[in-house]
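Read-outs: derived from the displayed coordinates by stated rules, not from any lab. Predicted model, so just to flag it, every value in this text is computed and none were measured. Counting neighbours? That spans all protein chains shown, and the Cβs are built from the backbone with ideal geometry, glycine included.
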Amino acid sequence: MANEPEKEAAGRAAAQLVRDGDIVGLGTGSTAYFAVVALGERVKAGMKILGIPTSSQTAELARSMGIPLTTLDEHPEIDITIDGADEIAPDLSLIKGGGGALLREKVVASASKKMVVIADSSKVVAVLGKFPLPVEIIPFARTVVEKKIAALGASTKLRTTEDGKVLVTDNGNHILDCSFGKIDAPATLAAQLSSVAGVVEHGLFIGLAQVALVGRNGKVEETAL
Ligand code: 5RP
């Protein structure tokens with residue numbers, strides 16, 4: 001795919017930021033994939049790290065790359081987390097969850113001293129909101145939550161798998177993809193969504209990423225807050 005070299009460049013650059021002995025949050029998705037592969041190569045070359053995966057998919061990849069894994073219970077403080085994003089705003093607020101792992105991704109990011117977001121250049125936006133905002137909900141509450149989110153101004157779509165089944169997250173929940181259009185006040189929307197009973201988490205990541213590495217035209221652009 002056209003953006004793969006940009007994703008790989010960003011993922012590899014982020015893997016270089018990890019230091020021997022670090023506890024590392026391992027993101028989910030096609031960009032995080034490249035970071036995990038590059039970390040696996042560094043582990044094979046002798047670097048000692050422990051990874052905390054944000055999804056079963058990433059756990060499997062990390063194991064296959066020989067990266068030793070740990071848990072948040074054993075290591076509640078993470079040195080560095082590397083993860084992708086669906087949109088990145090200039091202040092490094094993000095939309096995440098296109099890969100369905102937003103809940104664990106947010107827990108891991110919030111337990112991290114540093115979060116590095118990696119992406120191809122198509123993910124950089126001036127204002128968040130073109131990408132439908134993923135919201136993880138408990139299945140029991142679906143219709144009630146749909147109505148409340150509609151009242152906040154979004155159309156909602158229940159996420160399904162390629163074979164048409166309702167997607168079930170690693171946490172046994174469902175995802176509503178919510179089209180708000182331009183999100184001019186992300187922090188306000190984040191608070192509104194968090195206050196809806198039945199919403200487990202939403203994909204607005206505000207104040208979590210400190211560094212963005214974006215692949216563009218054979219280079220990696222860095223933004224650091
Ligand atoms: C998964 C995510 C991903 O990081 C996001 O969807 C970006 O994925 P990709 O790197 O495949 O474009 O938030 O929940």
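Counting only DSSP beta bridges with both residues in the chain, what percent are antiparallel, rounded to the nearest 5? Roughly 55 percent of the DSSP beta bridges within the chain come out antiparallel. For a label point 7 Å from the Cα of Phe140 along Cα→C-beta, name the residues of the stretch 181-216 whose backbone N is under 19 Å from it. It comes to 194-202, nothing else. Mind grabbing the base-10 log of I(q)/I(0) for the stretch 93-225 at q = 0.13, 0.16, 0.20 Å⁻¹? Debye formula, identical points on the C-alpha positions, no solvent, two decimal places. Normalising to I(0) and taking log10 leaves -0.56, -0.83, -1.22. Give the percent of DSSP beta bridges with both residues in the stretch 29-129 that are antiparallel, rounded to the nearest 5. Taking every DSSP beta bridge within the stretch 29-129, about 25 percent pair in antiparallel fashion. Within the straight-line cut-off of under 17 Å between alpha carbons, the lysines reachable from Lys147 are Lys157, sequence neighbours fewer than 8 places apart in one chain being disregarded. For the residue pairs Lys44/Lys114; Lys114/Lys148; Lys7/Lys44, the C-alpha atoms sit more than 26 angstrom apart in Lys114/Lys148. Centre-to-centre separation between the Cα atoms of the stretch 138-206 and those of the stretch 76-122: 18 Å.
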